[in-house]
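Some notes on the structure that comes next.
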Amino acid sequence: MGKKYGAVSFLQILAPELNDRLQDDFLDMESSLIVSMHIQSVDQVKAIKTVKRKITDLDRSKIEEQKKAVRAGYDMDINQIEIQRGLTTSSTAIFVPFTTQELFQNGKEALYYGINALSNNLIMVDRKLLKNPNGLILGTPGSGKSFSAKREIANCFLLTSDDVIICDPEAEYAPLVERLHGQVIKISPTSTNYINPMDLNLDYSDDESPLSLKSDFILSLCELIVGGKEGLQPVQKTIIDRCVRLVYQTYLNDPRPENMPILEDLYNLLREQEEKEAQYIATALEIYVTGSLNVFNHQSNVDINNRMVCYDIKELGKQLKKIGMLVVQDQVWNRVTINRAAHKSTRYYIDEMHLLLKEEQTA
Ligand SMILES: Nc1ncnc2c1ncn2[C@@H]1O[C@H](COP(=O)(O)OP(=O)(O)O)[C@@H](O)[C@H]1O
Ligand SMILES: [Mg+2]
């Protein structure tokens, strides 16, 4: 109608003509238009009266018809005839007042994610079979976000052989991880759980050599420590790379765990170099070696290869935050790289992830 006439000031559509595509039809029109819908609500008592009157009307005409039938001399029951009425899909849908979207995957590694609120069916999902395996748990405080992550972790631990890594800024995953014989690593200036950032993994199956990868990581570490707007100068990078290659000589010749270098070895090598830039880097590194932030200057004493590793970063502190997060990031990245080559999945859970958005390094 709207198309035929230039302007329609008033268009009334009666209820029987309404269909579910009404709004769609309006929006499909090429001319711009404003549609106002005036829906008049009817008082419930009045509505019931109307319906009752309608029923009485029907009963009355039924009786009339029956009387007619009797007068004409045939059985009044003949009035009841079977009617078949054709309905379109949308009209039929009115009688099915629930539309639900089910998510139920049958796979061997499908995990339980709860109950469908509408249909009460189980929600079973194997993330690896979805278009995108990543997920985000959202909710108001105390609504059970961490709880559902823990439940998923436990479920996945029992049902799959995937590795699980947790970044735990509220120190609340330890009980679960310890029950499952996982490794909790507490990173803080006073912690006695040590991860050696210099740990070199020789069974990297990637193309790049382990040493080049490590050198790259130590360069980022020094960049963070030495700081400055422009980052490391080319000369400084050369010196660090030289020292990294030197510091692993003993370990590469005899790869026993006790030969793994620590930051202090790197520091001593830097001190031995002739360039004054080397002294500058060494001094910047000092606080992490002999100073008060020396938590990363130890051989690893935790099982970072455990199937389940939880990094408790609650007491990381401001000073250690950047370097601590970089070390965790390196650990996670190492694990993911190794697992990917072995066709093994790694599940990484980051609780309170918004906290990590505050720092450029972790964001
Ligand atoms: N489905 C549940 N059944 C029983 N207790 C629950 C459930 N979900 C959450 N809780 C409890 O409610 C509290 C808050 O849950 P939590 O996961 O810490 O919330 P969030 O991380 O969303 O702030 C916790 O004590 C948790 O054990
Ligand atoms: Mg929480």
Which of the residues spanning region 341-363 are touching a strand residue (DSSP E or B) at 6+ places or on another chain (Cβ under 8 Å) and of a type outside the set (A, V, I, L, M, F, W, C)?
K344, S345, T346, R347, Y348, Y349, D351
Residue that is closer than 30 Å to R347 by Cβ and out of contact with any strand residue (DSSP E or B) (no Cβ under 6 Å at 6 or more places or on another chain), where the choices are N121, N79
N121
With respect to the numbered conditions (1) within 16 Å of ligand 2 (Cβ to nearest atom); (2) in contact (Cβ under 8 Å) with a residue 60 or more places away in the chain; (3) assigned to a loop (DSSP other than H, G, I, E, B), which one is the sole condition not fulfilled by Y194?
(1)
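The rows are residues; the columns are (1) touching an Asp or Glu at 6+ places or on another chain (Cβ under 6 Å); (2) among the hydrophobic types (A, V, I, L, M, F, W, C).
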residue	(1), (2)
L316	no, yes
I323	no, yes
Q331	no, no
N334	no, no
R340	no, no
T346	yes, no
E359	no, no
Could you check region 339-358 and list, in sequence order, the residues that are assigned to a helix (DSSP H, G or I), within 24 Å of S191 (Cβ to Cβ) and more than 16 Å from ligand 2 (Cβ to nearest atom)?
K358
Scan of region 145-186 for residues that are within 16 Å of ligand 2 (Cβ to nearest atom), in a loop (DSSP other than H, G, I, E, B) and farther than 23 Å from K128 by Cβ, ordered by number:
P169, E170, A171, E172
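Do we find a residue being over 29 Å from A341 (Cβ atoms), at pLDDT below 95 and within 16 Å of ligand 2 (Cβ to nearest atom) anywhere in region 211-231? Outline the logic, then answer.
Of the residues in region 211-231, the ones over 29 Å from A341 (Cβ atoms) are 225-231.
Adding the requirement that they be at pLDDT below 95 leaves 225-231.
Filter again for within 16 Å of ligand 2 (Cβ to nearest atom), leaving none.
No, region 211-231 has no match at all.
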Members of region 306-315 that are under 24 Å from E264 (Cβ atoms) and crowded, with 18+ Cβ neighbours inside 10 Å
Y311, I313
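Within the group C243, C222, which residue is in contact (Cβ under 8 Å) with a residue 40 or more places away in the chain and of a type outside the set (F, W, Y)?
Being in contact (Cβ under 8 Å) with a residue 40 or more places away in the chain and of a type outside the set (F, W, Y) holds for just one of C243, C222, which is C222.
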By residue number, the members of region 105-144 that are over 25 Å from R335 (Cβ atoms), within 16 Å of ligand 2 (Cβ to nearest atom) and either among the polar types (S, T, N, Q) or touching a Ser or Thr at 6+ places or on another chain (Cβ under 9 Å) (or both) are G139, T140, S143
Note on region 128-148: residues surrounded by 13 or more Cβ atoms within 10 Å (Cβ to Cβ) and aliphatic (A, V, I, L, M) are I137
State yes or no: is V289 farther than 30 Å from N132 by Cα and not hydroxyl-bearing (S, T, Y)?
yes
Sole exception among (1) surrounded by 13 or more Cβ atoms within 10 Å (Cβ to Cβ); (2) within 16 Å of ligand 1 (Cβ to nearest atom); (3) more than 16 Å from Y311 (Cβ to Cβ); (4) not polar (S, T, N, Q) for P169, by number
(3)
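Out of everything in region 139-154 that is farther than 18 Å from V125 by Cα and under 13 Å from the mean Cα position of the chain (by Cα), what residue ends up being nearest to ligand 1 (Cβ to nearest atom)?
S146
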Under 7 Å by Cβ, and 6 or more places apart or on different chains, what pairs join a residue from region 279-305 that is buried (at least 16 other Cβ atoms within 10 Å of the Cβ) with one that is small (G, A, S)?
V295/S191
So L285 ticks every box in (1) under 34 Å from the mean Cα position of the chain (by Cα); (2) under 23 Å from T362 (Cβ atoms); (3) not in a loop (DSSP other than H, G, I, E, B) but one. Which box is left unticked?
(1)
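This table checks each residue for (1) outside any loop (DSSP other than H, G, I, E, B); (2) without any contact (Cβ under 8 Å) to a residue 12 or more places away in the chain; (3) within 18 Å of S188 (Cβ to Cβ); (4) not hydrophobic (A, V, I, L, M, F, W, C).
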residue: V309; (1), (2), (3), (4): yes, no, yes, no
residue: E315; (1), (2), (3), (4): no, no, yes, yes
residue: V327; (1), (2), (3), (4): yes, no, yes, no
residue: V332; (1), (2), (3), (4): yes, no, no, no
residue: T337; (1), (2), (3), (4): yes, no, no, yes
Cross-chain or 6+ apart pairs with Cβ under 7 Å, region 130-152 first and more than 23 Å from E102 (Cβ to Cβ) and among the charged types (D, E, K, R), then more than 6 Å from ligand 1 (Cβ to nearest atom) and outside any loop (DSSP other than H, G, I, E, B):
K150/L176
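The values are calculated or read from the model by the stated rules, or taken from the named source; none is laboratory data. Being a predicted model, the structure only gives us computed values, none of them experimental. Glycine gets a Cβ as well: all are built from the backbone with ideal geometry, and neighbour counts include every protein chain shown.
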